[in-house]
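A quick write-up on the structure given underneath.
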Amino acid sequence: MSQSLKSLFAEVIHPHAAAVKQMVAEHGSFKLGEITLAQVYSGMKGMVGMITETSKLDPEEGIRFRGYSIPELRDMLPKAPGGNEPLPEGIFFLMLTGKLPTEEQTTSLSREWEERSQVPPHVFAALDALPLYTHPMTQFSIAILAMRTESVFAHEYEKGINKKDYWDPMFEDCMNLIARLPRVAAYIYRRTYFNNQQIEPLKGADWSANFAHMMGHDSKEVAELFRLYMTIHTDHEGGNVSAHSTHLVGSALSDAYYSFSAGINGLAGPLHGLANQEVIRWILELQKDLGGGLPSKEQIEQYVNKTLSEGKVVPGYGHAVLRKTDPRFEAQMEFAKKYMPDDDICNIVWRVYDVVPGILGSIKKIQNPWPNVDAHSGALLLHYGIKEYDFFTVLFGVSRALGVLAQLTTSRAMGLPIERPGSITSEGLLKKINAAKAV
Ligand code: CMX
């Protein structure tokens, strides 16, 4: 029997936390850079102001999870029997411990999540009380909060717990939450679009295959897509809105349910995760406007210019940190070229990719004209008949749980403090500028 993930995490994180404490004591005055006025007004871009151990984003290279790129992880992480895509159980293990899991460790995590996956009935009752037109992301956030009745951390805190033990009930909450999210998400999907005809979980399946099954998809290809999708959307270092919201709320010692629900509310914004819904809406409108079929590059060019002239963003393009094509876009394009090379919508996505960077690249203020993760994900889902695009961000959210909750547990184990950056008024800034000019 292999060591449990919890005990391995404890074995790794405590010496790490001690080493970090020592580093801060010895090098606390080490300078990480200077902050300019422009940065303060640009959403703190490029300011390093927090610790995230699970992943790191490089503007040119893209994301690395504990040092591994997406192509490396697709190669090295354990797969389902007969499958080619990594199991997201593996990337969660990696983010939490810094170690690549064995197949046995990955399977053991699948079983542990299955054992923890029972959703309390009142969560379904809370969902059933909502009108069907409630956006799936709103339903998702409400369901996460409704599950808070089960918080081990909140319970232990109320009883009185030593600070050094915070990580333990936080680990329990994060594992329970991750185990239950696919059931909750699939429930929202089936109640919203399939007359509440629910599908019971599949015993003995991996986390992603079971999720696809509960949504109504049992093909090997959809299970593979879900494994890839759930792996690549997990984490994107700490400053993105969903990760940062989860981290910030958690820093007040709010439990995992409060913290993750906050992250989901951030993911629901169209400049962040909701862009995956917006991309498909935009592509379907484009296709309809241009008479159906596969539009020419010239037609797409005109449509993009129309979007821009109406003062709208081109969804799925641009990024606050990346300065090249998102490797998550590339991984999905590779999947599509293997499984659905003739798919109409995928071909539009690729034609848009041929056209948009040239147009956005010619607009001076736009820092990154390249596609991000959301430019491709919807087309893959549509291909398999998952066409209810206002649900797409929920899928992103289920995956994002793995990264931000691994980090939340890590943050509690490291004893990271309440987050409280300083702010300044514009008047105060002007005074500082004038005072500097006067000397
Ligand atoms: N289409 C049109 N204009 C764009 C653009 C796009 N795809 N990307 C950036 N711009 C504009 C910005 O709106 C901004 O304009 P204003 O100065 O008039 O406000 C200007 O270019 C500068 O923006 P930037 O510094 O290049 O980018 P930001 O870091 O401010 O914003 C992002 C990044 C992702 C919000 C932006 O590129 C965008 O709105 N893209 C479309 C929405 C999208 O795909 N979001 C998903 C991102 C990935 C994710 O989180 O899931």
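The values are calculated or read from the model by the stated rules, or taken from the named source; none is laboratory data. The structure displayed is predicted, hence computed values, not measured ones. Virtual Cβ from ideal backbone geometry, glycine too; neighbours counted across all protein chains shown. The area values use the complete protein model at the heavy-atom level, side chains included, leaving out ligands, DNA and RNA. Shrake-Rupley method; radii C 1.70, N 1.55, O 1.52, S 1.80 Å.
Miscellaneous remarks
- Cross-link partners for Lys31 among the lysines, with Cα-Cα distance under 19 Å and sequence neighbours closer than 8 places in the same chain left out: Lys21, Lys45.
- Under the combined filter of DSSP loop state and at most 15 neighbouring Cβ atoms within 10 Å, region 44-99 retains these GluC sites (Glu not before Pro): Glu60, Glu61.
- Rounded to the nearest whole Hz, the Karplus-based 3J(HN,Hα) values (6.51 cos²θ - 1.76 cosθ + 1.60, θ = phi - 60°) of region 12-23 follow the sequence 8, 6, 5, x, 4, 4, 5, 5, 5, 4, 5, 4, with x at glycine and proline.
- Centroid-to-centroid separation of region 128-197 and region 206-220 [C-alpha atoms, Å]: 20 Å
- Length-normalised contact order for region 279-383 - Cα pairs under 8 Å, 6+ apart - percent: 39 percent
- Entry comment: accessible area of region 279-383 is 45 Å² per residue, from protein heavy atoms only and a probe of 1.4 Å.
- To put it simply, the accessible area of the chain at a 1.4 Å probe is 55 percent carbon and sulfur.
- Student exercise, region 279-383 dipole from Lys, Arg, Asp, Glu Cβ charges, in Debye to nearest 20: 400 debye
- Taking the Cα centre of the chain as reference, the dipole from Cβ charges on Lys and Arg (+1) and Asp and Glu (-1) amounts to some 1120 debye.
- Diffusion constant of the chain at 20 °C, which comes from Stokes-Einstein with the Kirkwood Cα-pair radius and 1.002 mPa s, µm²/s: 94 µm²/s
- FRET efficiency for Lys99 and Leu32, using Cβ-Cβ distance with R0 set to 22 Å, rounded to 0.05: 0.20
- Per-residue [θ]222 nm for the chain (sum of -39500 (n - 2.57) over DSSP H runs n ≥ 4, rounded to 500): -19000 deg cm²/dmol
- Peptide packing for 352-363, 105-116 was compared via the average number of neighbouring C-beta atoms within 10 Å per residue; ordered from the highest value, the list is 105-116, 352-363.
- Region 311-323 - phi-based ³J(HN,Hα) in whole Hz, Karplus 6.51/-1.76/1.60, Gly and Pro as x: x, 10, 8, 8, x, x, 10, x, 6, 6, 10, 4, 10
- Since only Phe391, Gly422, Ala436 are under comparison, the one whose Cα sits farthest along the positive direction of the charge dipole of region 386-436, derived from C-beta charges on Lys, Arg, Asp and Glu, is Ala436.
- Average Cα contact separation per residue, the chain, under 8 Å, 6 or more apart, as relative contact order %: 21 percent
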